[in-house]
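The structure appears right after this line, and notes come after that.
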Amino acid sequence: MTLRRISVIGLGYVGLPVAVAFGKHNTTIGFDINQTRLDELRQNYDRTREVSADGLKNTQILYTSDINDLKQADFHIITVPTPVNHINQPDFTPLEKASHTVGQALKKGDIVVYESTVYPGATEEICIPILEKVSGLNFGKDFTVGYSPERINPGDKDRTFTKITKVVSGSDQATLDIVADVYSSVVTAGVYKAASIKVAEAAKVIENTQRDINIALMNELALIFNRLGIDTVDVLEAAGTKWNFLPFRPGLVGGHCIGVDPYYLAHKAQEVGYYPKMILSGRHLNNSIGQHIAHQAIKALIQSGTNPQEATISVLGLTFKENCPDIRNTKVIDIISELKAYGVPFQICDPEADSQEAKHEYDLELVDAAHLKPAALTILAVAHTSLIEQLTTAPEKLLAPHAIIIDVKSCLDRDVMARKGYKIIRL
């Protein structure tokens, strides 16, 4: 295989592990427009905690925001976010800007590979025209394109970039073979050659859509069982003794993947004349869970004879998942918004989240665990290991006597907490 010079555009949760994997073997160009991010990476500090300081030291990465540096590469990997806007429509702004940037550096013989999650057809409909217009080159003749969907799982130290099978695709057979060879050089789990770019795009978007719909079913069951006075997890554990029962659990569905990707597929489906009832129904249901949890909290306080307006309420956890600093599209914010609507006082603690980022993104003040007031009701929204340990070993520092705990992820031992005088409510 002819050695390709790699560039990675976008050094976030997805792009940095990709750049590091290639940078361990050869000089790799890491491009980002965030100067603070670049400065931190040059100091071997990754605020996402996906890569350790030692992991960054042992790489050959040129961190840059200079488009001229991209011209040194001939294999460009674009890993920018693909969010949705305020009405849950795809926002291609980062992808369009990244394509424009790469277009300025594109030369004959280059390959551009997209990893950002999109709907089937987006690479050809949105990205390639920008590359052609900006570069003045002809797609298929002067440059080609591939698509290899990201499968990064933030906070997961076992299933890392190199240990997850990489789906690859190319705009022609020769490009597909090159893309497969390039990724195979670093991904030890191997690659899977998809039949086309559209197939690879579709495969990625349904991975998270499938999870979203299954979790939506669990959330709907939780709403039903709550009205029937049955513990949902008890039901799931009983049903789980059947060999083919799938082990999904109810909960908040946020983050930049599961809570976003289904909207991309739904958007394209409606564009071609089909209204995706199940996909959008699942999204609607999952988006209602934060509100439901807040309602549970207020109801539990009232039933216990406590005035919610005078109670101390703690929300533990703000990130979208456990043991991870990522607060993007966290659905804990839905709980907080509903508590605000009730006008009740509350305090928020998250030992994993960045307090400045929480202030900037959501205008929230985080309280250090050591400074929390013992709460009459605590919502354990995110199952951070440190929070669970503190609630298990020294709950009196966080909880008032006879406190109520809403255990969203069902991670506390009900019997142990009950013996300590606390009431557990599970989703």
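The values are calculated or read from the model by the stated rules, or taken from the named source; none is laboratory data. Note that the structure is a prediction, hence the values are computed from the model and not measured. Here the Cβ positions follow ideal geometry from the backbone for every residue, glycine too, while neighbour counts run over all protein chains shown. Heads up: the accessible areas ignore ligands, DNA and RNA and are worked out on the full protein's heavy atoms, side chains in. Shrake-Rupley method; radii C 1.70, N 1.55, O 1.52, S 1.80 Å.
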For segment 314-349, which residues satisfy the criterion of being under 15 Å from Thr48 (Cβ atoms) and open to solvent by less than 20 Å² (accessible area, probe 1.4 Å)?
-> Thr319, Cys324, Pro325, Asp326, Ile327, Thr330
Within the group Gly10, Gly55, which residue is touching a residue at least 60 places away in the same chain (Cβ under 8 Å) and either within 22 Å of the chain's Cα centre (by Cα) or over 27 Å from His100 (Cα atoms) (or both)?
-> Gly10
What are the residues in segment 153-189 that are open to solvent by 30 Å² or more (accessible area, probe 1.4 Å), assigned to a helix (DSSP H, G or I) and in contact with a Pro (Cβ under 9 Å, 6 or more places away or on another chain), if any?
-> Thr162
Among the residues of segment 92-112, write down those that are within 21 Å of the chain's Cα centre (by Cα) and surrounded by 16 or more Cβ atoms within 10 Å (Cβ to Cβ).
-> Phe92, Pro94, Leu95, Ala98
Would you check if there is a residue in segment 141-149 being farther than 22 Å from Val182 by Cα, out of contact with any strand residue (DSSP E or B) (no Cβ under 8 Å at 6 or more places or on another chain) and not small (Gly, Ala, Ser)?
-> no
Glu207 being in a helix (DSSP H, G or I) and within 28 Å of Ile406 (Cβ to Cβ) | no
Is it the case that segment 203-221 has a residue that's out of contact with any strand residue (DSSP E or B) (no Cβ under 6 Å at 6 or more places or on another chain), hydroxyl-bearing (Ser, Thr, Tyr), in contact (Cβ under 8 Å) with a residue 12 or more places away in the chain and farther than 19 Å from Lys331 by Cα?
-> no
Can you tell me which residues in segment 302-313 are open to solvent by 40 Å² or more (accessible area, probe 1.4 Å) and among the aliphatic types (A, V, I, L, M)?
-> Ile302
Report yes if Phe139 is among the aromatic types (Phe, Trp, Tyr) and within 21 Å of Gly15 (Cβ to Cβ), otherwise no.
-> no
Given the conditions (1) within 19 Å of the chain's Cα centre (by Cα); (2) open to solvent by less than 10 Å² (accessible area, probe 1.4 Å); (3) of a type in the set (A, V, I, L, M, F, W, C), every one holds for Val84 apart from (2)
When you look at Ser196, is it without any contact (Cβ under 8 Å) to a residue 40 or more places away in the chain, touching a Gly at 6+ places or on another chain (Cβ under 8 Å) and of a type outside the set (Val, Ile, Thr), yes or no?
-> no
Search result, residues across segment 256-278 that are hydrophobic (A, V, I, L, M, F, W, C) and surrounded by fewer than 20 Cβ atoms within 10 Å (Cβ to Cβ) = Ala269, Val272, Met278
Complete set of residues in segment 225-239 that are within 27 Å of the chain's Cα centre (by Cα) and of a type in the set (A, V, I, L, M, F, W, C) | Val233, Leu236
Output for Cβ contacts, cut-off 6 Å, separation at least six or different chains, first residue in a loop (DSSP other than H, G, I, E, B) in segment 137-152, second among the aromatic types (Phe, Trp, Tyr) and open to solvent by 20 Å² or more (accessible area, probe 1.4 Å), reads Ile152/Tyr13
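Is it the case that Lys299 is touching a Phe, Trp or Tyr at 6+ places or on another chain (Cβ under 6 Å), open to solvent by 20 Å² or more (accessible area, probe 1.4 Å) and over 21 Å from Arg328 (Cα atoms)?
On the way: touching a Phe, Trp or Tyr at 6+ places or on another chain (Cβ under 6 Å): no; open to solvent by 20 Å² or more (accessible area, probe 1.4 Å): yes; over 21 Å from Arg328 (Cα atoms): yes.
It is false that Lys299 is touching a Phe, Trp or Tyr at 6+ places or on another chain (Cβ under 6 Å), open to solvent by 20 Å² or more (accessible area, probe 1.4 Å) and over 21 Å from Arg328 (Cα atoms).
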Kindly indicate the residue of segment 1-28 that is in a strand (DSSP E or B) and of a type in the set (Ser, Thr, Tyr) and also surrounded by the fewest Cβ atoms within 10 Å (Cβ to Cβ) among those meeting that condition.
-> Thr28
Contacts under 9 angstrom Cβ, first residue in segment 80-99 being touching a residue at least 24 places away in the same chain (Cβ under 8 Å) and in a loop (DSSP other than H, G, I, E, B), partner of a type in the set (Lys, Arg) and open to solvent by 40 Å² or more (accessible area, probe 1.4 Å), 6 or more apart = Val80/Lys97; Pro81/Arg328; Pro83/Arg328
Do we find a residue being in a loop (DSSP other than H, G, I, E, B), among the aromatic types (Phe, Trp, Tyr), crowded, with 23+ Cβ neighbours inside 10 Å and modelled with pLDDT of 95 or more anywhere in segment 116-123?
-> yes
Which pairs do you get when a residue that is touching a residue at least 60 places away in the same chain (Cβ under 8 Å) and open to solvent by 30 Å² or more (accessible area, probe 1.4 Å), found in segment 399-427, comes within reach of a residue that is of a type in the set (Val, Ile, Thr) and part of a helix (DSSP H, G or I), reach meaning Cβ atoms under 8 angstrom, with the pair 6+ apart or on two chains?
-> Arg426/Thr232; Arg426/Val233
